[in-house]
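As structure tokens, the structure follows; a few thoughts come after it.
Only the coordinates and a few stated rules stand behind these numbers; no lab work does. Just so it is clear, the model here is predicted, and its values are computed rather than measured. Cβ coordinates were reconstructed from backbone atoms using ideal geometry, including for glycine residues, and neighbour counts include every protein chain displayed.
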Amino acid sequence: MKFVVKQRLFLVGCPRSGTTLLQSLLAAHPQIYSFPESKFFQYLIPTYEPRRLALRIIASRHLRTRLAEFFKDEIRHPEMLKLLPKIPLMREYTRRFINILDSLTTEQGKSIWLEKTPEHIHYIDYIEKFVPGVKFIHILRNGSDTVASMYEVTRKYPSKYWRQGWSIDTCLERWIDSVEITRQHLHKSNHILVRYERLVENPQSELQNLHKFMDIEFDEKMLQDYRIAAKQVSLEIEPWKAAVSEAIFKAKSQKFYEVFDESQQRYIVERLSKVNLDDLNS
């Protein structure tokens, strides 16, 4: 039986907003193939290379190194590197990368792949331009909880992506920017929003709604098998994702009050109060 890729999905949102939990739940579906964060478009676009960026057609010089990490170390498919183009054209790199994901998906006997890199929310326009028939799943979590989680994790686990930790303002700006970007795209039929709080309160209902968007049958086994999938989409070097393998936690987080003092709490609440979420609560 020959399998064909029917859908290409990108899961986006602010970091620490539940992207890995939702990815794990969806990856537990028998038709969906997923994998650790590729960060492909984050490295494709030469954001910090002005000359290349001005040309609008040349990929970042860091992309090849990143893809070597991804294929060799993270998903254990080093043979795929030889399929990448030698000339760093953005459109051709994207076409080859998408073809590779399609091939890996059909090899697994599946028909849908799901890419989850939170930062890809900043590259939606590029993704829509380069990836045929793409669909986006946005996830949004309470601002105070997300800011607290970003602030704590980036300090507790220094990495090359956030270095020695983000400031409160950086965390606030990341969440606020994600909200505004989500709002800009939700009118499109290929975009859908999941609220994190609803997902943990009633995962079956939220997943059933997502399956209508994806036009596939809901599978109840996802609610148990997501713990297995979580280990497949997370890396050993990402200990901050370990809790995803545990039971879905419904209680309201106290992290905001544990991480910040009263003065910091007041400042954060004041900043967040200026963000209107009324149109994103329906």
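Over the chain, what lengths in whole Å, largest first, do the semi-axes of the equivalent ellipsoid take, defined as the square roots of 5 times the eigenvalues of the alpha-carbon gyration tensor? Can you show the working numbers first?
Numbers: eigenvalues 171, 112, 67 Å².
Values for the chain, descending: 29, 24, 18 Å.
I'd like the Karplus ³J(HN,Hα) series for region 33-49: coefficients 6.51, -1.76, 1.60, θ = phi - 60°, whole numbers in Hz, and an x wherever there's a Gly or Pro.
Each residue's phi maps through the Karplus curve to give 9, 9, 6, x, 4, 7, 6, 4, 6, 4, 9, 5, 7, x, 3, 9, 10 Hz.
Might you report the magnitude of the Cβ-based charge dipole of the chain about its Cα centre, with Lys and Arg at +1 and Asp and Glu at -1, to the nearest 20 debye?
Dipole of the chain, to the nearest 20 debye: 1020 debye.
Pull up the DSSP beta bridges for the chain and report the antiparallel fraction as a percent, rounded to 5. Don't skip to the answer; put the middle values down first.
Numbers: 2 of 21 bridges.
Just about 10 percent of them are antiparallel.
Please check the chain for the longest run free of GluC sites (Glu not before Pro) that are loop-located per DSSP (anything but H, G, I, E, B) and have at most 14 other Cβ atoms within 10 Å. Display every interim value, and only then the final one.
Details: sites that count: 217, 220, 236, 246.
For GluC sites (Glu not before Pro) (loop position, at most 14 other Cβ atoms within 10 Å), the longest site-free span of the chain is 1-216.
Report the Cα centroid-to-centroid distance between region 162-177 and region 79-150 in angstrom, as an integer.
Their Cα centres are 23 Å away from one another.
List, in order, the whole-Hz ³J(HN,Hα) value for each residue of region 69-74 obtained from phi through the Karplus relation with A = 6.51, B = -1.76, C = 1.60 and θ = phi - 60°; use x for Gly and Pro.
4, 4, 6, 7, 8, 9
For the chain, which longest stretch is free of loop sites, where a loop site is one of the chymotrypsin sites (Phe, Trp or Tyr not before Pro) that DSSP puts outside H, G, I, E and B and that has at most 13 other Cβ atoms within 10 Å? All intermediate terms of the calculation are to be shown ahead of the outcome.
Working: sites that count: 48, 161, 249.
It runs 49-160.
For region 92-161, state the average projected area of the convex hull of the C-alpha atoms over all orientations, rounded to one decimal in nm². Intermediate results must be reported in sequence, preceding the final value.
Values: hull surface 26.8 nm².
Projected area, direction-averaged: 6.7 nm².
Show that you can apply the helix-only estimate: for the chain, add -39,500 (n - 2.57) for every DSSP H stretch of four or more residues, divide by all residues, and state [θ] at 222 nm to the nearest 500.
Values: 13 runs with 129 residues, N = 282.
About -13500 deg cm²/dmol.
Mind pulling up the Rg/Rh value for region 1-104? Radius of gyration and Kirkwood radius, both on Cα.
0.99
Can you give me the long-range amide H partners of residue 58? Hydrogens built in the peptide plane at 1.01 Å from N, cutoff under 5 Å, separation of 5 or more residues or another chain.
90
Could you name the aspartates and glutamates whose alpha carbon sits less than 17 Å from that of residue 274, not counting residues in the same chain fewer than 8 places away?
Excluding near neighbours in sequence, the set is 145, 169, 173, 177, 180.
Exposure proxy check: 279, 73, 102 ranked by fewest other beta carbons within 10 Å?
Fewest-to-most ranking of 279, 73, 102: 279, 73, 102.
Taking 2.2 N^0.38 Å as the expected size of a compact globular protein, what ratio does the Cα radius of gyration of region 23-176 give against it, to two decimals? Intermediate values should be presented prior to the final figure.
Details: Rg = 16.6 Å, N = 154, 2.2 N^0.38 = 14.9 Å.
Output field value: 1.12.
Given springs between every Cα pair under 10 Å in a Gaussian network model of the chain, which of 72, 116, 231 has the largest fluctuation?
Largest GNM mean-square fluctuation: 72.
Which is farthest toward the positive dipole end of the chain among 144, 41, 94, measuring Cα position about the Cα centre, with Cβ charges +1 (Lys, Arg) and -1 (Asp, Glu)?
94
With the cut-off at 20 Å, tell me which of the pairs 129/188; 116/231; 6/231; 86/135; 72/156; 110/212 have Cα atoms farther apart than that.
Details: 129/188 14 Å; 116/231 14 Å; 6/231 25 Å; 86/135 29 Å; 72/156 27 Å; 110/212 18 Å.
From 129/188; 116/231; 6/231; 86/135; 72/156; 110/212, over 20 Å: 6/231; 86/135; 72/156.
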